[in-house]
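**Student:** The structure that follows is given in the form of structure tokens.
Taken together, the values in this text are just the output of simple stated rules run on the coordinates, not laboratory data. Bear in mind that the values here come from a model prediction, so they are computed numbers and not experimental data. We place every Cβ from the backbone using ideal geometry, glycine too, and count neighbours over all the protein chains shown.
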Amino acid sequence: MAFPTPILDARLAQQRQQQERSRQQVLAAALDWLAQHGGHYGIDHGYVFGSVTQPGRFSATADVDVGVDSLGIGDPFGLSSYLSLHLDRDVDVVPLDQCHFAGKIREQGTPWNAINLPD
């Protein structure tokens, strides 16, 4: 026999709402940072993918996955490090030209482009 759990249900709903707000904030912060700074690291465009782009799958310990079409001249590891510091979470940079599921990332990921600022 089931019994009512309105207090627990309300708390779980509140946690889900907070996680969704957090996911949206992290995604927006990542896309903004990549647009502003990606070019400094030799990466002009790419995709954010994984749990940060999917409602209901993001958690407090989730990392941020960034797919890049190619690693040009620049410092992709610097990008990963500084973005990780900015977001206060792990960041994985995936070169799509070496990834067997690159098509899925391009199809389902959230694209970003670096802003070209004058020198």
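**Student:** Highest mean first, how do 37-50, 5-18 rank when packing is the count of other Cβ atoms within 10 Å averaged over residues? List each step's numbers first, then the result.
**Tutor:** Values: 37-50: 20.1, 5-18: 9.9.
Per-residue mean Cβ counts within 10 Å order the peptides as 37-50, 5-18.
**Student:** Related question: What relative contact order, as a whole-number percentage, does the range 6-113 give when Cα pairs under 8 Å and 6 or more residues apart are counted?
**Tutor:** Reported relative contact order: 31 percent.
**Student:** Could you tell me how far the Cα centroid of the range 50-100 sits from the Cα centroid of the range 1-43, in Å?
**Tutor:** Spelled out, the Cα-based centre of one part sits 16 Å from the other.
**Student:** When the chain is fully extended, how far beyond the present Cα-Cα distance does Gln24 get from Ala2, taking 0.36 nm per residue of separation?
**Tutor:** 4.4 nm
**Student:** Multiply the residue gap between His45 and Leu12 by 0.36 nm, knock off their C-alpha separation, and tell me the result in nm, one decimal place.
**Tutor:** On the way: separation 33, 0.36 × 33 = 11.88 nm, distance 3.71 nm.
Taking His45 through Leu12 to full extension adds about 8.2 nm, to one decimal.
**Student:** Could you list Ser80, Ser59 so that the one with the fewest beta carbons within 10 Å of its beta carbon is first and the one with the most is last?
**Tutor:** By the 10 Å Cβ count, ascending, the order reads Ser59, Ser80.
**Student:** Using the alpha carbons of the range 6-113, what is the convex hull volume per residue in cubic angstrom, as a whole number?
**Tutor:** Convex hull of Cα atoms, per residue: 89 Å³.
**Student:** Let me ask something else. Compute the angle between helix 76-87 and the longest alpha-carbon principal axis of the chain, please, reported from 0 to 90 degrees and rounded to the nearest 10.
**Tutor:** 40
**Student:** With r defined as the distance between the Cβ atoms of Asp32 and Gln98 and R0 fixed at 35 Å, what FRET efficiency is calculated, to the nearest 0.05? Working shown, then result.
**Tutor:** Numbers: r = 27 Å, r/R0 = 0.76.
With R0 = 35 Å, the Cβ-Cβ based efficiency is 0.85.
**Student:** If each of Leu85 and Asp69 carries a label point 7 Å out from its Cα toward its Cβ, how far apart are those two points in nm?
**Tutor:** The modelled label-to-label distance comes out at 2.9 nm.
**Student:** Can you tell me the orientation of helix 6-37 relative to the chain, as the angle in degrees between its alpha-carbon axis and the longest Cα principal axis, to the nearest 10?
**Tutor:** Once rounded, one gets 10 degrees.
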